[in-house]
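The values are calculated or read from the model by the stated rules, or taken from the named source; none is laboratory data. Everything numeric here is computed off the predicted structure, so don't read it as measured data. Neighbour counts run over all protein chains shown; Cβ positions are idealised from the backbone, glycine included. Accessible surface is based on the protein model in full, side chains and every heavy atom, while ligands, DNA and RNA are left aside. Shrake-Rupley method; radii C 1.70, N 1.55, O 1.52, S 1.80 Å.
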Amino acid sequence: MTRSFISVLIDTYNQERFIEQAVMSVLEQDVGEAEREVIVVDDGSTDRTPEIVAKFAPRVRLIRKENGGQASAFNAGIPQCSGEIVAFLDGDDWWAPGKLQAVADALASDKEVGLVGNGITEVLADGRHHTELVRETPRFRITSREGAEAFRLRKSFLGTSRMTYRAAVLREIGPVPETLRFQADEYLFTLAGLCADVLILRESLTFYRLHDTNLFQFTDGDAEAIRRKGRVLAALAQALRDELQRRAVDGDIAEIIVGWVQNEADQELLLADGGMPWKTVRTELNTYRVTHQTASLAHWIFKCATLLPACVLPPRIYYSWKRHFAANRVYRKTREKWLPYPQPAHIDRYRRPGA
């Protein structure tokens, strides 16, 4: 197969601890310099990130801009990419050897595929590795109800450091709404699934780092961070709703896609700002229905029983109670023995302890 020229686009902001590993994981791929370019968009870092990236010139091109968030970084970088294929990487993640070869081969072997994702390994601060690999339905297009439902449960394989596009698909999508300071990747990969087939490679080719400055990870119940996430998810839902309507996407398909994003936003905002108890019950039932499609009757009875307090408690108190039980060792062991958590049918999960 003839290999297409590949553009690698890295977005980064104040990631001086991690950016060198991210860039090196690209430069060490088994794709020659004549077959790829590497572009780093620095979104207004105030630390040493630009200085670290600059030392890789001329193999790496640095674009600096004022801070504006992920969407603005994508909008600055994508038009600068000259490749027929564009692979994305966050500045705090890194790729496994062979990543570019694998995704380029997948795109070269089938012209109907416009977006390739892959398995993922989350790396925790204590060194533990949590790997998720797709088990079934690795290929779909969001032009049918079945395709939209498959997409809804496989989004975790399509985030920034996993997504590789045909450049033509990105051109068809156009600019990302810059209200999306993060979650811009979801805007892109959702619309890509309307334009072309999506293929998820089973191999874990991306290492996703969980750390204290990751905009999408929150610790200690930080209400402001949770509120920020909820508002961005709500903005994403609105942006997708408007774009799907503009593209005349079938209403049922649009509701599967947008309704799930809105449900995620509602859950975060209930946790941060509170609300009526019935909204907690509705949101929790919607979440369980989608994420636990193979749950038994016993699981559903138990879930409904755990929601009885939510019928009367303010959302923030209910979610605090829920987190307390989920972290309780006795509760977890009891659940594992008598009513194990239902496992999704489409994912294989592996755990490796830290050092």
Report task. Give the number of residues within region 272-302 that are open to solvent by 20 Å² or more (accessible area, probe 1.4 Å) and either within 21 Å of the chain's Cα centre (by Cα) or of a type in the set (S, T, N, Q) (or both). Result -> 9
**Report entry** Positions within region 155-166 being open to solvent by 10 Å² or more (accessible area, probe 1.4 Å) and over 8 Å from the mean Cα position of the chain (by Cα), in sequence order
**Finding:** R162, R166
Query raised in the report: Between a first residue in region 341-353 that is within 16 Å of E203 (Cβ to Cβ) and open to solvent by less than 100 Å² (accessible area, probe 1.4 Å) and a second residue that is among the charged types (D, E, K, R) and in a strand (DSSP E or B), which pairs have beta carbons less than 9 Å apart while being 6 or more apart in sequence or on different chains?
Result: I347/E132; D348/E132; D348/R202
Query raised in the report: Just a yes or no: is a residue in region 5-23 surrounded by fewer than 17 Cβ atoms within 10 Å (Cβ to Cβ), over 23 Å from the mean Cα position of the chain (by Cα) and not in a strand (DSSP E or B)?
Result: yes
Report summary line: Checked V40, V31 against criteria (part of a loop (DSSP other than H, G, I, E, B), in contact with a Lys or Arg (Cβ under 9 Å, 6 or more places away or on another chain) and either of a type in the set (A, V, I, L, M) or on the phi > 0 side of the Ramachandran plot (or both)); the one match is V31
Report task. Kindly indicate whether K333 is at pLDDT 95 or above and either more than 21 Å from A150 (Cα to Cα) or of a type in the set (S, T, Y) (or both). Result -> no
Requested in this report: Write out, first by first residue and then by second, each pair whose Cβ atoms fall under 8 Å of each other, whose residues are 6+ apart or on separate chains, and whose first residue, in region 253-265, is free of Cβ contacts under 8 Å to residues at least 60 places away in the same chain and over 22 Å from G275 (Cβ atoms) while the second is open to solvent by 10 Å² or more (accessible area, probe 1.4 Å) and part of a helix (DSSP H, G or I).
Outcome: A254/R241; A254/Q245
**Report entry** Residue that is least open to solvent (accessible area, probe 1.4 Å), among those in region 235-249 that are touching a residue at least 40 places away in the same chain (Cβ under 8 Å) and in a loop (DSSP other than H, G, I, E, B)
**Finding:** V249
Query raised in the report: Does V53 meet the test of being open to solvent by less than 40 Å² (accessible area, probe 1.4 Å), assigned to a strand (DSSP E or B) and touching a residue at least 24 places away in the same chain (Cβ under 8 Å)?
Result: no
